[in-house]
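Below is one structure, written out as structure tokens; the observations come after it.
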Amino acid sequence: MKDLYIITGATGGMGEDATRRFKEYGDVLLLDLSEEKLNKLAEELGEGARAMSFDITKKEDIEKVIEVIKEYGSFKALLHFAGVSENMGDPAMVLNINLVGTINLLNALYDYAKEGTVIVNTASMTAHMTPIAPEIEALLPDVLNEESFNKVVEACGGISALSYGWSKIGVMNLSKNDAAKWGEKGARIVSISPGAILTPMVQHEIDNGNAKTIEILIAATPAKRIGYPSDITNMCEYLCSDKASFITGIDILVDGGSTQAMKNYHAAHASNNLRFND
Ligand SMILES: NC(=O)c1ccc[n+]([C@@H]2O[C@H](COP(=O)([O-])OP(=O)(O)OC[C@H]3O[C@@H](n4cnc5c(N)ncnc54)[C@H](O)[C@@H]3O)[C@@H](O)[C@H]2O)c1
């Protein structure tokens, strides 16, 4: 039986690109919200591509994924792209999809990891730039607990951008802190922090009044361009290969150098003692 690659957000910008590439390596399980888009892509990819409509906030959908994995006995990799940006929902929705969903999915998959399994989560350069109080950061691993979840949402003060940044800090932190747990299975876990990547999500930001922000970001990016989904797929390909067998428990920025450039800019211009997450 071929290796199974599970891709969430499979019909999104990054997910679709990765799905097409990873089809070369084994069977692909495409997970996303729109059945229509999923079926279209799976049909195009042909044998070995299976599509399943999946909402990460629904436990029964996660269980359906487990049923497929059982047919294989294990899975080779999870490429986890499903997520929403701050313009797509209120703080509770953003936190629920991006962080609670991630934790629930990883908890469910853990038993089916094997020697050589790789988990690639998607954080964001935003996770490196969003200020967070230590007492809020300490609550992030515990957001399955309703009280902790509500405290984090309350601390957002209705600002979804904070919820987005914090949800991605949560994803980044768990990818670091859970490495030993996954290591017990011979598995690796990492997160990728993309900079601005030209996908429907960024197009949505551009169309909703954030075009100027993206322009400024490109101007401040040492690589002098926006990123493409293939930049992310290339990193996933490397991380899932044996060439990366000594890499786990880390977040990797794939941002053309923009995060560090922005930190340098702030360090040079900020009059207060603002510090970013490292
Ligand atoms: N594009 C960027 O510049 C950028 C930068 C930093 C981080 N990211 C992160 O990268 C990941 C992929 O982003 P993208 O640009 O490809 O976005 P995208 O919007 O093109 O794809 C995200 C996919 O997630 C799916 N999704 C949303 N809610 C879901 C849910 N409840 N259950 C299951 N699937 C759901 C959507 O249907 C969509 O297909 C996201 O987690 C995003 O936060 C993107």
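Observations
- Test for G89: is it surrounded by 19 or more Cβ atoms within 10 Å (Cβ to Cβ) and within 11 Å of the ligand (Cβ to nearest atom): no
- Boolean, E16 is part of a helix (DSSP H, G or I), in contact (Cβ under 8 Å) with a residue 60 or more places away in the chain and among the acidic types (D, E): yes
- Test: residue in the stretch 198-221 that is surrounded by fewer than 19 Cβ atoms within 10 Å (Cβ to Cβ) and in contact with a Pro (Cβ under 8 Å, 6 or more places away or on another chain): yes
- In this structure, K70 qualifies as more than 12 Å from the ligand (Cβ to nearest atom), touching a residue at least 24 places away in the same chain (Cβ under 8 Å) and of a type outside the set (A, V, I, L, M, F, W, C).
- Cβ-Cβ contacts under 8 Å between residues 6 or more apart (or on different chains), taken from a first residue in the stretch 73-92 that is at pLDDT 95 or above to a second residue that is part of a loop (DSSP other than H, G, I, E, B) and charged (D, E, K, R), are listed as F75/D3; K76/D3; A77/D3.
- Filtering the stretch 187-205 to residues that are among the hydrophobic types (A, V, I, L, M, F, W, C), more than 6 Å from the ligand (Cβ to nearest atom) and within 17 Å of M235 (Cβ to Cβ) leaves I189, V190, I192, L198.
Residue by residue, here is whether (1) under 30 Å from L217 (Cα atoms); (2) touching a Leu at 6+ places or on another chain (Cβ under 8 Å); (3) within 16 Å of the ligand (Cβ to nearest atom); (4) outside any strand (DSSP E or B) holds:
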| position | (1), (2), (3), (4) |
| --- | --- |
| G83 | yes, no, yes, yes |
| V94 | yes, no, yes, yes |
| N104 | no, yes, yes, yes |
| A108 | no, no, yes, yes |
| D111 | no, no, no, yes |
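- Single unsatisfied condition, P229 versus (1) surrounded by fewer than 14 Cβ atoms within 10 Å (Cβ to Cβ); (2) within 17 Å of L253 (Cα to Cα): (1)
- Subset of the stretch 17-37 (residues that are crowded, with 21+ Cβ neighbours inside 10 Å, among the acidic types (D, E) and in contact with a Ser or Thr (Cβ under 9 Å, 6 or more places away or on another chain)): D17, D32
- From the list K168, K185, K151, the lone residue that is without any contact (Cβ under 8 Å) to a residue 60 or more places away in the chain and of a type in the set (K, R) is K151.
The values are calculated or read from the model by the stated rules, or taken from the named source; none is laboratory data. What you see is a predicted model; the values in this text were computed from it and never measured. Using ideal geometry, Cβ is built from the backbone for each residue, glycine included, and neighbour counts are taken over all protein chains shown.
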